[in-house]
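The next block holds one structure in the form of structure tokens; read it before the comments.
The values are calculated or read from the model by the stated rules, or taken from the named source; none is laboratory data. What you are looking at is a predicted structure, and each value in this text was computed from that prediction instead of being measured. Areas reflect the complete protein model, heavy atoms only, side chains present, ligands, DNA and RNA absent. Shrake-Rupley method; radii C 1.70, N 1.55, O 1.52, S 1.80 Å.
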Amino acid sequence: MTGTHATRLSQALAGAQATGLDRLDAQMLLLHVLARDPHDRAWLMTHDTDTLNADQLREFDALVQRRTHGEPLAYLTGIREFHGLNLQVDARVLDPRADTETLVQWAIDALDALTTAPTHDGPAVVPPRLIDLGTGSGAIALAVKHARPHADVTAVDASTDALAVARVNAKALGLAVHVVQGLWLQGLSHRFDVIVSNPPYLANDDPHLAALKHEPLQALVSGPDGLEDIRRIISQAPDHLAPRGWLLLEHGWDQASAVRALLKRAGFEAVQSRCDLAGIERCTGGQWTGCETPAPT
């Protein structure tokens, strides 16, 4: 697409699409190069005869090439919109998916059902506690905190790189979330009203991994059946849940039945699943009542 003559915006977009790139992706990359708001697609249409300078065209060409090789759009622009928030993301963390908003909404619903908001004529209640395990960019924890500012929210990850991204996002958004390094619930002493996690859930040989080569492998893969980390979280959760507290997990498109069985075996009640935007059972959770039962196997 490069050349010595000035290139109109419409020409740049057409050239990007000629490589097989989706039109929306091409528009998002062009807006990024032009330092425009990512929602400003209408501006592109009204300025389609404007031109790119040589440096802008080279940058756009390079981004188009990276996108056509499968690199997530969010890594190229540095921004992912999630549950109404603009998150900074890069290759240190997973690119947050819209389907995970299903998990966020369930966590919010669980907090609302378990707690009573303070009133002007009554004593303040203890803020409900929520912990997000494997927080990555902080997407889930920050979305919940934004929606329910009164909640006490903790974000945990084993990766120092991921926590650096989460801290940047928390500061940029002005959201007071506790960011802690750790492996799931190990070493934590608090009990929580809601434990939420989007853990690794792909099997070691999952064919989808080929399309995810740009994202951190440790945040994707979890043993031969993809359930190793989910088993660990389920086994640890009872010691960290308040009475009637909820454990909510995101999982693979075909794992809902297996996760429900694990939760029931561990003694959770009201075990159920929720569907994502495509109608697929994407999240499964259960409520803890304090029964002593064997850990899941």
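The largest accessible area among Ile280, Ile195 belongs to the first residue in Ile280, Ile195, and the rest follow in falling order (1.4 Å probe, all chains).
Among Ala166, Ala261, Ala176, whose mean-square fluctuation peaks in a Gaussian network model of the chain (Cα, cutoff 10 Å)? Highest fluctuation among the options: Ala261. Residues whose amide H comes within less than 5 Å of that of Ile79, counting only those at least five positions distant or on another chain, are Val89 (H built at 1.01 Å from N in the peptide plane). Between helix 256-265 and the chain there is an angle of about 20 degrees, using the helix long axis and the longest principal axis of the Cα atoms. The Cα center of the stretch 145-192 and the Cα center of the stretch 213-259 differ in position by 18 Å. Phi angles across the stretch 184-195 convert, under the Karplus curve 6.51 cos²θ - 1.76 cosθ + 1.60 with θ = phi - 60°, into 3J(HN,Hα) values of 6, 9, 4, x, 8, 9, 6, 9, 10, 6, 9, 10 Hz, Gly and Pro given as x. Looking at the chain, the DSSP beta bridges with both ends there are about 45 percent antiparallel.
The angle between the Cα long axis of helix 160-173 and the longest principal axis of the Cα atoms of the chain comes to about 80 degrees, rounded to the nearest 10. Around the amide H of Ala155, modelled in the peptide plane, lie the amide H atoms of Asp132, His178, Val179, Val180, all under 5 Å away and 5 or more residues distant in sequence or on another chain.
Among Ala14, Ala170, Ala151, the largest mean-square fluctuation in a Gaussian network model of the chain, built with springs joining Cα atoms closer than 10 Å, belongs to Ala14.
Rounded, prolate or oblate: which fits the stretch 150-191 when a ≥ b ≥ c are the square roots of the eigenvalues of the alpha-carbon gyration tensor, with rounded for a/c under 1.5 and prolate only if a/b beats b/c? Don't skip to the answer; put the middle values down first.
Numbers: a/c = 3.94, a/b = 1.22, b/c = 3.22.
Since a/c reaches 1.5 but b/c is at least a/b, the shape of the stretch 150-191 is classed as oblate.
Using only the alpha-carbon atoms, how far is helix 23-33 inclined from the longest principal axis of the chain? Give it as 0 to 90 degrees, nearest 10. Result, in degrees: 80.
Given N residues in the stretch 178-230, what is its alpha carbon radius of gyration divided by 2.2 N^0.38 Å? Provide the component values of the computation, followed by the final result.
Details: Rg = 13.5 Å, N = 53, 2.2 N^0.38 = 9.9 Å.
In units of the globular-protein estimate, the stretch 178-230 measures up at 1.36.
In this structure the amide hydrogen of Leu241, modeled in the peptide plane, comes within under 5 Å of the amide hydrogens of Phe192, none closer than 5 places in sequence on its chain.
Working value for the stretch 194-297: equivalent-ellipsoid semi-axes of 25, 14, 11 Å, each the square root of 5 times a Cα gyration tensor eigenvalue, largest first.
From helices alone, the chain scores -10500 deg cm²/dmol at 222 nm; the rule is -39500 (n - 2.57) for each run of n ≥ 4 DSSP H residues, then divide by the residue total. Phi angles of the stretch 80-96 translate, via the Karplus equation with coefficients 6.51, -1.76, 1.60 and θ = phi - 60°, into HN-Hα couplings of 10, 7, 9, 6, x, 10, 9, 9, 7, 9, 7, 5, 6, 9, 5, 6, x Hz per residue; Gly and Pro are given as x.
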